[in-house]
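Scroll down for the structure; my scribbles are underneath it.
The values are calculated or read from the model by the stated rules, or taken from the named source; none is laboratory data. In this text the structure is predicted, and so the values were computed from the model without any measurement. Neighbour counts are summed over all protein chains in view; Cβ atoms, including those assigned to glycine, are modelled from backbone coordinates with ideal geometry.
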Amino acid sequence: MEYRKMGRTGLKVSSFCLGTMTFGRQVEEKESIRIIDAAIDAAVNFIDTADIYVNGLTEEILSKAIKGKRDSLVIASKAGHVRKLDEKYGEQKDYGPIDLPRPRPFHPWPAGKGVGHNDMGLSRKHIMQAVEGSLRRLKTDYLDIYYAHMPDYSTPLEETLRAMDDLVRQGKVRYIGCSNFRAYQLCKALWISDKLNLTRWDCIQPPFNLLTRDIEYELLPLCEEEGVGVCVFSPMAAGFLSGKYEKHKPPEEGARFSLAHLGYRYNQPYWNDDNFAAVEKLKQIAEDHGKRLPQFALAWVLSNKTITSVVCGATSIEQLKQNIAATEIRLTKEELDACDEVWHQLRSPRLFYGR
């Protein structure tokens, strides 16, 4: 197993980070614990979760697997994802800026009855409430990394950063970061922390894979320049890069694309003719070089020197072993160039300001 430094910090994490989003929903508890144990036995020291996953159940499952092993592990959780309001509180509002183009609004995740306006977002009130909930469910007195799960356009960044700084000073959190934030938002947060002498976001969690490479334009250069760790999610494009899906056939039951709003709704942007064509080309490139596409796709992500770790889930121990094996693969320049060519066909080069 390879270990990499988290940005400019002294924290060292395995280049493979076990993602847990499917534990407790797609994967039942007993099998989830077996997968976590197998990952730890394979020298994975980095595990990622969130309070929103199965409405906290995933954190509870993880707590059982890490009992007695907690201090040797780097445990990351998140807070602030938009939740579905209880009907009694009225219509759900999107506080995003109307003049900033976004692919689509964030989809509220169901979180049970009684969810109010302050049971989500990145306000001081909710962050303080959320961290206590995660610590209780995980049965630990600290988190190694605590992420702001998504932008909250109704809360000033300064309020969020001051609250997270307090958590670090209280010893409840070791490092802080963000997920799903744009480059300009991360840059603004770093500036606020520097100006106000607050703990800064030392890592970010964006999507990145062979079909989704837009963070290469601005976010990755910013992270490299400022020493921010990058732990990418969806390195397999939610399973699309496994090559197992067929355009004219529905996803098999239990696959990521068939998991109701967490499946097809979450991954629908990948399901188009261009991506199916790209996957076929990438699959051929991998096979021409004696590799399977899933491992090839993960190895490609880790070939980028700015990436700290890939956050990757598994639904079986066999799948976990295959995914972890990708950390030992080193791609050649010829293979990387072939992947670039597929990307340029998928997204034609555009005119950008600056150089």
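Quick notes
- Residue among ILE40, ILE75 that alone is among the hydrophobic types (A, V, I, L, M, F, W, C), within 19 Å of CYS231 (Cα to Cα) and not in a helix (DSSP H, G or I): ILE75
- All positions within region 24-37 that are outside any loop (DSSP other than H, G, I, E, B) and over 14 Å from VAL311 (Cα atoms): VAL27, GLU29, LYS30, GLU31, SER32, ILE33, ARG34, ILE35, ASP37
- Residue match in region 208-224 (condition: over 28 Å from PRO108 (Cβ atoms), in contact with a Cys (Cβ under 7 Å, 6 or more places away or on another chain) and in contact (Cβ under 8 Å) with a residue 24 or more places away in the chain): yes
- In this structure, ASN197 qualifies as modelled with pLDDT of 90 or more and either loosely packed, with under 14 Cβ neighbours inside 10 Å or touching a Lys or Arg at 6+ places or on another chain (Cβ under 6 Å) (or both).
- Strands (runs of 3 or more DSSP E) lying entirely in region 136-220 (those with 1 or more residues that are of a type in the set (Lys, Arg)): 173-179
- Near pairs, Cβ below 9 angstrom, 6+ apart or cross-chain, from region 47-58 (at pLDDT 95 or above) to any residue that is assigned to a loop (DSSP other than H, G, I, E, B) and of a type in the set (Asp, Glu): THR58/ASP51
- Scanning region 43-60 for residues that are small (Gly, Ala, Ser) and either farther than 22 Å from HIS126 by Cβ or part of a helix (DSSP H, G or I) (or both) yields ALA43, GLY56.
- Within region 220-237, if we keep just the residues that are surrounded by fewer than 24 Cβ atoms within 10 Å (Cβ to Cβ) and small (Gly, Ala, Ser), the residue that is nearest to MET21 (Cα to Cα) turns out to be ALA237.
- Restricted to region 274-346, the set of helices (runs of 4 or more DSSP H) holding at least 2 residues that are more than 20 Å from TYR217 (Cα to Cα), in contact with a strand residue (DSSP E or B) (Cβ under 7 Å, 6 or more places away or on another chain) and in contact (Cβ under 8 Å) with a residue 12 or more places away in the chain comprises 317-325.
- Sole residue being closer than 28 Å to LEU11 by Cα, over 22 Å from the mean Cα position of the chain (by Cα) and surrounded by 14 or more Cβ atoms within 10 Å (Cβ to Cβ), chosen from LEU331, LEU320: LEU331
- Any hit, region 6-14, residues being in a helix (DSSP H, G or I), at pLDDT 95 or above and either within 16 Å of CYS231 (Cβ to Cβ) or polar (S, T, N, Q) (or both): no
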